[in-house]
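Just so you know, all these numbers are worked out from the coordinates, no wet-lab data involved. Since the structure is predicted, the reported quantities are computational estimates derived from the model, not experimental observations. FYI the Cβ positions are ideal-geometry reconstructions off the backbone, even for glycines, and counts take in every protein chain you see.
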Amino acid sequence: MSETEINPDEVNDLHEAAKPSNAKGGTSQISGEKMKILENIEVTLSIEVGRTEMTIRDLLRLNEGSVIELDRLAGEPLDLFVNGAIIAKGEVVMVGERYGIRLTDIVDPEERAESV
């Protein structure tokens, strides 16, 4: 992975350019040059199956074979996060021998731009 130096002013310009504009019919307009910068930035995607809270006592009692109940129902869509911001929901699928996610709902582009 190589590092690319980015000017903070460029980041602000990109953030503003990514926001939907009412004057342009609600669509995002990013110039080709700015898009090239964005295309090479690596982001971290993570899928959240569910959450729970427990006491330190219960945490220390966990061992192999312990089952932790989560707050999400079986079959309920999972959350897809990019750099900690939720951008979509989806369902677990198999991709060969690995897990994957089929997206079923995408967060509104304006909300995504605000959360990034």
Here the residues of the stretch 73-109 lying in the modelled label zone of V67, meaning backbone nitrogen under 14 Å from a point 7 Å along Cα-to-Cβ, are 74
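Please order E97, E33 by the number of other Cβ within 10 Å, starting at the fewest.
On the way: E97 5, E33 8.
So the ranking, lowest neighbour count to highest, is E97, E33.
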Ratio for the stretch 43-116, C-alpha Rg to 2.2 N^0.38 Å, reads 1.35
When S66, S31 are arranged by how many other beta-carbons sit within 10 Å of their Cβ, fewest first, they go S66, S31
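Given the peptides 86-94, 48-56, arrange them by the average over their residues of other C-beta atoms within 10 Å, most packed first. Write down the numbers at each step before the final one.
Working: 86-94: 14.6, 48-56: 9.9.
Output ranking for 86-94, 48-56: 86-94, 48-56.
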Taking r as the C-beta separation of I56 and N83 and R0 as 41 Å, the FRET efficiency to the nearest 0.05 is 0.90
Fewest-first ordering of L62, L73 by Cβ atoms within 10 Å yields L73, L62
